[in-house]
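Report on one structure; see the data block that follows.
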Amino acid sequence: MFDIGEYCLQGWGSSFSDSVVSIEEDLVSDIEGLTVSAGGSLYLADRYKNGGAAIDLIYPALPHPSLYYYILSPDRARFILSLYPRKSDLSRVNKIVMRPRYIEAGDVELAALYVKGSRTLVLYLTSPAAGEFSLGEHPAFTAASLERITGSKIIADSIEKNSAAGGAGQLLWNIISVVDPEGESDMEKFFLRRESIDSRDYSALSDISSHYLRLGY
């Protein structure tokens, strides 16, 4: 469903299923190598801590003027994580990698990969507001306006199970709420289907991705 050419191996084997396994093994190896080298020339490392949760935030070392309009910055990631209402879920994630690459096919975008062995969540470039959901439709989360958020914290007792107040939940929340570090497969993949995308956004996403590809990302 997405462009996997950069991960393709020569001589995949005789079956498509074997090819998929080879590609996934390559992806896992690629991400593991990336996280080990964090703090080098390509990626920097920061951290979010809250009680027992400690999540490494790995992000591009080289700036781009439009990058953090389309992907989380470390500060924004910390802010969003601080608002997540079920803190116990955060133990499912040890690392979050903000990877500045745009991978899409038609109207489907690769939003994230979750590598189970290392509990690493890799976030890719996506369309603006992609993956947001109405908090009123998800009773596990809190519907709240920014005016009601104080101290960057929402406690569990404030969950409004029957609220129709609207608001938007973040893609990061959605993924953390469903990732499963157990199971047989090495990774989980998360795709977004979009109805349309502004041509300027599409061009910007492609330009950012090409820029970072040339730099070795």
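Near the amide H of Ala112, within less than 5 Å, lie the amide hydrogens of Tyr124, Phe190, all on another chain or at least 5 residues away, with H placed in the peptide plane. The residues neighbouring Leu62, those whose beta-carbon lies less than 15 Å from its own, together hold a net charge of +2 under the Lys/Arg +1, Asp/Glu -1 convention. Note on Ala61 and Arg47: the extension gain reaches 3.6 nm, defined as 0.36 nm multiplied by sequence separation minus the Cα-Cα distance.
Across the range 45-51, coupling constants 3J(HN,Hα) worked out from phi with the 6.51/-1.76/1.60 Karplus curve, θ = phi - 60°, read 10, 10, 8, 10, 10, 8, x Hz, and Gly and Pro carry x.
Any read-out appearing in this document is the output of simple, stated calculations on the displayed coordinates, not a laboratory observation. Predicted model only: the values in this text are computed from it and were never measured. Please note: Cβ atoms are built from the backbone with ideal geometry, for glycine as well, and neighbour counts cover all protein chains shown.
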